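K.L.:
Please see the structure below; I have some questions.
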Amino acid sequence: MVFLLMQLIVEGGLVKMKIYCCLEHTELALDVAVDESELAPIFEKIDEPTKEHRCQYCDKEALYTVEN
Ligand SMILES: [Zn+2]
C-alpha cells in the first residue's frame, strides 16, 4: 500500500522519490528515503499545506516533503 502511494518520477534515468508526510511520520519517511537512495534526502516543510497532499502513512494533511 505504502509503495503504491509513493510518487516515483523518472528523470533522465534517475529515479526520484517524493514522499509527503505529516509531522509524526517524518522520521519514517526519512528512513525510507535513505534506504531507497543511500543519499541524504532533501527534507522540506510545506509552506502552505493543502488538502491535496496527504501523509502516505496515516492520511493526515501532509506538512513535509522528503525528496531524493
Ligand atoms: Zn502521518
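The numbers here are math on the coordinates, done by the rules we state, and not lab data. Note that the structure is predicted; figures quoted are calculated from it, not measured. Heads up, the Cβs are rebuilt from the backbone with ideal geometry, glycines too, and the neighbour counts pull from every protein chain shown.
K.L.:
Around Val34, under 15 Å between beta carbons, what's the net of Lys plus Arg minus Asp minus Glu among the other residues?
P.N.:
Numbers: positive: Lys16, Lys18; negative: Glu27, Asp31, Asp35, Glu36, Glu38, Glu67.
With Lys, Arg at +1 and Asp, Glu at -1, the neighbours total -4.
K.L.:
In addition: How far is it, in nm, from the label point at Cys58 to the one at Phe43 when both lie 7 Å from their Cα along the line to the Cβ?
P.N.:
Here the answer is 1.6 nm between the modelled labels.
K.L.:
In nm, to one decimal, how far is the modelled label at Glu27 from the one at Lys51, with both set 7 Å along Cα→Cβ?
P.N.:
Those two pseudo-labels are separated by 3.1 nm.
K.L.:
Can you give the net charge of the other residues whose Cβ lies under 9 Å from the Cβ of Lys60, counting K and R as +1 and D and E as -1?
P.N.:
Values: positive: Arg54; negative: Glu24, Asp59, Glu61.
So the surrounding residues net to -2.
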